[in-house]
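Colleague: This is the structure I have questions about; it appears just below.
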Amino acid sequence: MIKKLEICDLSYRYAEEDHSALQDITLNVTNDNIVAILGNNGSGKTTLLLLVLKKYIPQRGAIHFLNEKDGTENEIRIGYLPQIEKTPYGFTVSEYVMMGRYPHVGWLNMPDERDREISHSVIHELQIEKLEKKHLGDLSGGELQKVRIARLLAQEPDILLMDEPANHLDLKNRRELLEIIRNLKDENKIILFTTHDPNDAVEIANQVLLMKDGCVVAYGQTHTVMRQDNLQKTFDIPIKLQKINKKTVIIPGE
Amino acid sequence: MQKKNLLLFFLLIFIMGISLFIGRYPQPIFTPVRLLWEDELAKALILNIRLPRLIAAALLGASLSISGYIFQMAFSNPLADGGILGVNQAAGFGAALAIITTGYTFVQIQISALLFGILSIFLVLLLSRIIKTESTIINQIFAGIAISAIFSSGIGILKYMADPLQELPNIVFWLLGDLSSITWERILPVIPQILIGISILWALRWRVNALALDENVSFSLGAGKKRETYFILFIAVLLTASVISYAGLVGWIGLIIPNIVRTIFGTTGQKSIPATLMIGAGYAVICDTLARTLIPGEIPLGILTAILGAIAMIVLVSAGKIRIKE
């Protein structure tokens, strides 16, 4: 089980570009945290997630995972939910969710009873039983998003990287999705998710990382970071913060 | 599931059993089973001519179908198969090249077919990345058309250069795709590699699903890594090239069978791979039996599978059973 995620002075530049996509990112996250990564398009949010996934190798800096048991990086599973995913053609929901079990099933093996149990329980948790036999292509946007999260959870990851999980969802589905993510916190996992909407961050994140042009604008506990000046600097527009029923609401505009 | 597979298996055995006794000796349509003991000529005919040919047909159907299934999964494209991607033409070119340069030696034909098959799949992967249309499926098909055209014209040049008395008839006959000249000597050496290839894909029947996943997702799941994808594609090319090297160019099976199987059994490899193998084998056996019995002479198998395949394709597409979604 994971204890801690440490990112030190991380910098990354894409081979075909002449400026850095990420510059000197430092994060320190323990296993009871949800981190929201906020920033405009192109601010480096997705690149950061792919670096944590170890898909890209940073030119400078390092990422360390610390294992609860022995302080090593062994057996730490990282799950990834891309913003746009090429969903596989022709598979049913239950078959797709089962694919989350790949890290647990040996190369020449088939999923066994335990794998089936876990994918069923994930499907049950997310209340998508009635979709099980449906094809991925026949799902609505909100349904597909839940199914993709089910696939992510079936992997039983220690770190969950979610790229814009609430994007393009209607109000109800968005609400449900944030609730699902919030509930994951209690399972000793580290969750990093990106979003355009600062209100999502206020709603569920303990920590917030504000990014602009690959650099950190501010990082820390949600209530300390979410200030007018930080947010205006991040999003480049006037922003107001208001308390409505004791909740902070962030309103773009004068 | 096991039950369905078993049923398909018995159906395949049944079809093969019937096919063995269909023919024009001693009279049209059926050779009575008792002649196997009573008539030496019938016995020789069945055991030394029909049986190797039957096995060749079954292996051909199973191999081409499973390769088609793998190509379709790996390219996320229901139209991908050896014919459309140009693998068949490339392997065909390799084989024809071997016929001209080394004579009709079987090992050389096989190796050359395999090498050019591998070359063509690399070219498809490379070209479909260079070609830039809105659709990856169109990119692949463009790449396939181009590669297939290049190797087809290569075959044309070889035909032009070939000695018209010796080599040319061999090449032409062989390009039509048929099994009429199959003997034990020709089929026995390929059986092991085909069975090994099929067994590997059978063992990986759940794993192959990862080929269809988004690249970053499969990376996060530790599956579908590049070398894993290349390995599986290699097996598919190996099976295609092995078949082409003894049967010539037999098209359409790899396109049609996996699409039919998917509409009935679903896409996941656990269900589709066993069904694809057995239905593909059965289909090829039926086609080849028709090819050798329908008329007093012989219809080349490749011609028959193309006609039937085209009809099946039209039916499938117009029934909305082939869905293309990016």
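Every read-out reported here was derived from the displayed coordinates using simple, explicitly stated rules and does not represent laboratory data. Bear in mind the structure is a predicted one, so any value in this text is a computation, not a measurement. Cβ: placed from backbone, ideal geometry, glycine included. Neighbour counts: every protein chain shown.
Colleague: Measure off 7 Å from each Cα along the Cα-to-Cβ vector at B:K43 and A:Q228, then give the distance between these two points in nanometres to one decimal.
Modeller: 10.4 nm
Colleague: Going highest first, how would you order A:121-130, A:47-56 by mean Cβ packing within 10 Å? Each step should come with its number before you reach the end.
Modeller: Working: A:121-130: 15.0, A:47-56: 20.1.
Going from most to least packed, we get A:47-56, A:121-130.
Colleague: Continuing with this model, one more query. Anyone know which of B:S218, B:S245, B:S67 comes out most mobile in the 10 Å Cα GNM of chain B?
Modeller: Highest fluctuation among the options: B:S218.
Colleague: Run the quick spin-label model on B:R34 and A:R114: label points 7 Å from Cα toward the beta carbon, then report their separation in nm to one decimal.
Modeller: So the label points at B:R34 and A:R114 sit 6.1 nm apart.
Colleague: So, with +1 on the Cβ of K and R and -1 on the Cβ of D and E, and no other charges, what is the size of the charge dipole of the protein assembly as shown about its Cα centre, to the nearest 20 debye?
Modeller: Dipole magnitude for the protein assembly as shown comes out near 740 debye.
Colleague: Quick one: if you stick a label point 7 Å off each Cα along the C-beta vector at B:S318 and B:L7, how many nm between them?
Modeller: For B:S318 paired with B:L7, the spin-label model returns 2.9 nm.
Colleague: Under 29 Å Cα-Cα from B:K132, which lysines qualify once same-chain neighbours fewer than 8 residues away are excluded?
Modeller: Answer for B:K132, where 29 Å is the Cα cut-off: A:K45, A:K54, A:K55, A:K86, B:K225, B:K226, B:K321, B:K325, listed by chain and number.
Colleague: Find out how many positive minus negative residues lie around B:A291, taking Lys and Arg as positive, Asp and Glu as negative, among other residues whose Cβ is under 9 Å from that of B:A291.
Modeller: Numbers: positive: B:R292; negative: B:D178, B:D288, B:E298.
Local net charge: -2.
Colleague: Setting aside same-chain residues fewer than 8 positions from A:K172, which lysines have a Cα under 20 Å from its Cα?
Modeller: A:K130, A:K146, A:K247
Colleague: Between A:C8 and A:D197, take the C-beta separation as r, use R0 = 41 Å, and let me know the FRET efficiency to the nearest 0.05.
Modeller: The value I calculate is 0.90.
Colleague: Show me the three semi-axes of the equivalent ellipsoid for segment A:103-254, from the C-alpha gyration tensor (sqrt of 5 times each eigenvalue), largest first, rounded to whole Å.
Modeller: Semi-axis lengths for segment A:103-254 are 34, 17, 14 Å.
Colleague: If Rh is defined by the Kirkwood formula over all Cα pairs and Rg also comes from Cα, what ratio Rg/Rh do you get for chain B?
Modeller: Checking Rg against Rh, the ratio lands at 0.98.
Colleague: Ok, one more. Does anything in segment A:25-61 have its amide N under 11 Å from the 7 Å Cα→Cβ label point of A:M1, and if so which residues?
Modeller: A:31-32
Colleague: Once the Cα gyration tensor of segment B:253-320 is found, what semi-axes does its equivalent ellipsoid get, as square roots of 5 times the eigenvalues, in whole Å, sorted largest first? Mind dumping the intermediate values first?
Modeller: Details: eigenvalues 122, 43, 10 Å².
Three semi-axes, in Å: 25, 15, 7.
Colleague: Quick one: A:H120, A:H64, A:H19, fewest Cβ neighbours within 10 Å first, how do they rank?
Modeller: Fewest to most other Cβ atoms nearby, the residues stand as A:H19, A:H64, A:H120.
Colleague: Cα atoms only, segment A:88-157: Rg and Dmax in Å?
Modeller: Looking at segment A:88-157, its Cα Rg and Dmax stand at 11.4, 34 Å.
Colleague: Compute the orientation-averaged projected area for the protein assembly as shown from the convex hull of its Cα atoms and round it to one decimal in nm². Present the calculation step by step, with values, prior to reporting the outcome.
Modeller: Numbers: hull surface 126.3 nm².
Mean projected area of the Cα convex hull: 31.6 nm².
Colleague: In Å, what is the Rg of the alpha-carbon atoms in segment B:202-326, and how long is Dmax?
Modeller: 16.8, 59
Colleague: Work out how much length B:Y104 to B:S153 would gain on full extension: take 0.36 nm times their residue separation and subtract the Cα-Cα distance, in nm to one decimal.
Modeller: This chain segment gains 15.5 nm when fully extended.
Colleague: Here's something else I'd like to know. Over the alpha-carbon set of segment A:1-121, divide Rg by the Kirkwood Rh and report the Rg/Rh ratio to two decimals.
Modeller: We get a ratio of 1.02 for segment A:1-121.
Colleague: Which one, B:W184, B:W206, B:W37, has the greatest fluctuation when you compute a Gaussian network model over chain B with C-alpha springs under 10 angstrom?
Modeller: Result for chain B, Cα springs under 10 Å: B:W37 fluctuates most.
Colleague: Which of the aspartates and glutamates could be linked to A:K246 by a straight reach, that is with a Cα gap under 18 Å, when you skip same-chain ones fewer than 8 residues away?
Modeller: A:D200, A:E203
Colleague: Let me ask something else about it. Compute a Gaussian network model of chain A, connecting alpha carbons closer than 10 Å, and tell me which residue from A:T194, A:T224, A:T46 fluctuates the most.
Modeller: With Cα springs under 10 Å in chain A, the top fluctuation among A:T194, A:T224, A:T46 is at A:T224.
Colleague: Still on this structure: When B:I187, A:I76 are ordered from fewest to most other Cβ atoms inside 10 Å of their Cβ, what list results?
Modeller: A:I76, B:I187
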